[in-house]
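The values are calculated or read from the model by the stated rules, or taken from the named source; none is laboratory data. Being a predicted model, the structure only gives us computed values, none of them experimental. All Cβ positions, even for glycine, are placed from backbone atoms using ideal geometry, and neighbour counts span all protein chains on display. Heads up: the accessible areas ignore ligands, DNA and RNA and are worked out on the full protein's heavy atoms, side chains in. Shrake-Rupley method; radii C 1.70, N 1.55, O 1.52, S 1.80 Å.
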Amino acid sequence: MRRSVVRGIGSYLPAKAVTNNDLAAIVDTSDEWIVERTGIRQRHIAAEGETTCDLAVAAARAALDNAGMSAADIDLIVLATSTPDNTFPATATSVQAALGMTHGAAFDVQAVCSGFVYALSVADAMLKAGTAERALVIGAETFSRILDWSDRTTCVLFGDGAGALVLEAQEGEGTLDDRGVLATKLHSDGRYKDKLYVDGGPSSTKTVGYLRMEGREVFKHAVVNIASVMAETLEMVGMSADQVDWVVPHQANKRILDSTAKRFGISEDKVVLTVDRHGNTSAASIPLALDVAVKDGRIKKGDVILMEAMGGGFTWGAALVRW
Ligand code: UT7
C-alpha cells in the first residue's frame, strides 16, 4: 500500500514580533485581557512588501533542506492559504517559479484555518493514487493584510507565518505501524459561513475586505467539532486516544485547546502549544507548531501525531500521521 511519508519539515516567521502591549497602544485592549482570553503573548507580522509567497518559499526551502532534497525532486505543490498574493494565479505557482520548478503541478487550497489539514488530505490522496511522487504541502498566511486594525475583537488574534512538509510516496505494509499519513477526515458546513468571513472579494465587492468574526459562536462550535473529528479519525483506523503521542492542533486560542484536550481525554502536556508565540496564523499554524516540536525533540520518528483544525466556512478536519 502506498503511504505518504513525511521526509522533511520547515517553517518561517517574519522577523517582526508584535507584543500585546504594542497592540494596546493602537486599540483599547490590554496584555492581561489577551493572555487570559486567548493565551497569546505575541505574533509575527510580515514586513512591508513581504508576501505570502515569500513566507511560503522560505518555509519550503527549509523543508527541502531538512529532507535533503531539491525542488527537482518535487512534482506537486499544494499550498493552503486564504491570503494569496493575488486573486490569481495561485500563490502555489509563484512558489513553484521561485523554487525554479518548471515541472509538476502546483495549486492552492482554500479552507481558511483548516487549510493545512485539507491540503495534507488532498496531497495524500494524490500520492496514494500515483498522481505524484513527492509533494510540498505548505500553509502560508499574511492575515495582517486582511485585519481591521481598529477592531480589537479580531486584530489581536492573528499573525503571519508559513510552514511546509515534504511528503514522499513509499510502499508500506498497510498496517498502523507504517510511517506516513494513516487517515484524514474533512468536514464543512456552509450554513455557518457568516460567523467567520472576509467582507470583500473580487466577485462581490471588487475589494479585498477585512476579517469579521463572531468569536463566541466560533468558539462554541470549535470545541465540539474538533473533539468529534479527532475521535472520528481515530475510529477510521481503530486507534484509541492513548495511542496518540502528540496532538498538534490549529492554534486559535489556548482555551479552545484546553477544552478540546479535556473533551477528547488527552493530557494537556501531549498538546503542542505555540499560540502564545505565534498567535493564530490560520493555515500556517499546524506546520509551524509541528516544526517547533520536531526541532525541540518532542516529536520523533515513529510517533503518532494527530493534527486538527477548525475555521471559516465552517470547515474542520483532522489528520493522523505516523512521523
Ligand atoms: O481560527 C479560526 C477559528 N477561530 C477561533 O477559533 C476563535 C474563536 N473565538 C475565540 O477565541 C474567542 O471567542 C475570542 C478570543 C475571539 C473572544 O473571547 P471571548 O471570551 O469569547 O470574549 P467575547 O467576545 O465574549 O468578549 C468579552 C468582552 C466583550 O466586552 P463586553 O461586551 O462583555 O463588555 C468584548 O467587547 O471582551 C471585550 N473584548 C475585548 N476587551 C479587551 C473583545 N476583544 C477585546 C480585546 N481587548 N482585544
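Give 258, 242 a once-over and let me know the one that is acidic (Asp, Glu) and away from the ligand (no atom under 13 Å from the Cβ).
Criteria check complete, one pass: 242.
Would you check which residues across the stretch 155-196 are polar (S, T, N, Q) and in contact with a Lys or Arg (Cβ under 7 Å, 6 or more places away or on another chain) and list them?
Listed by number, the list holds a single entry, 170.
Among the candidates 182, 165, 211, which residue alone is open to solvent by less than 10 Å² (accessible area, probe 1.4 Å), touching a residue at least 60 places away in the same chain (Cβ under 8 Å) and more than 16 Å from the ligand (Cβ to nearest atom)?
Result of the check over 182, 165, 211: 165.
Since residue 31 meets every condition but one in (1) within 13 Å of the ligand (Cβ to nearest atom); (2) in contact (Cβ under 8 Å) with a residue 40 or more places away in the chain, which condition does it not meet?
With (1) within 13 Å of the ligand (Cβ to nearest atom); (2) in contact (Cβ under 8 Å) with a residue 40 or more places away in the chain applied to residue 31, the lone miss is (2).
Answer yes if at least one residue in the stretch 245-266 is touching a residue at least 12 places away in the same chain (Cβ under 8 Å), among the hydroxyl-bearing types (Ser, Thr, Tyr) and either in contact with a Ser or Thr (Cβ under 8 Å, 6 or more places away or on another chain) or over 25 Å from residue 52 (Cβ atoms) (or both), and no otherwise.
Looking for residues that are touching a residue at least 12 places away in the same chain (Cβ under 8 Å), among the hydroxyl-bearing types (Ser, Thr, Tyr) and either in contact with a Ser or Thr (Cβ under 8 Å, 6 or more places away or on another chain) or over 25 Å from residue 52 (Cβ atoms) (or both), one finds at least one in the stretch 245-266, hence yes.
Within the stretch 189-221, track down each residue that is of a type in the set (A, V, I, L, M) and part of a strand (DSSP E or B).
Scanning the stretch 189-221 gives 196, 198, 211, 213.
Go through the stretch 185-203 and report how many residues are in contact with an Asp or Glu (Cβ under 6 Å, 6 or more places away or on another chain) and surrounded by fewer than 16 Cβ atoms within 10 Å (Cβ to Cβ).
0
Among strands (runs of 3 or more DSSP E) lying entirely in the stretch 1-52, which contain 3 or more residues that are crowded, with 17+ Cβ neighbours inside 10 Å?
In the stretch 1-52, the matching strands (runs of 3 or more DSSP E) lie at 2-12, 42-45.
Give the stretch 140-180 a look and list any residue that's in contact with a strand residue (DSSP E or B) (Cβ under 9 Å, 6 or more places away or on another chain) and among the aromatic types (Phe, Trp, Tyr), or say none.
143, 158
If I filter the stretch 196-207 for residues that are of a type in the set (D, E, K, R) and touching a Phe, Trp or Tyr at 6+ places or on another chain (Cβ under 7 Å), do I get at least one hit?
Within the stretch 196-207, one or more residues are of a type in the set (D, E, K, R) and touching a Phe, Trp or Tyr at 6+ places or on another chain (Cβ under 7 Å).
Go through 117, 137 for me and flag whichever is part of a strand (DSSP E or B) and open to solvent by less than 50 Å² (accessible area, probe 1.4 Å).
Exactly one residue qualifies, and that residue is 137.
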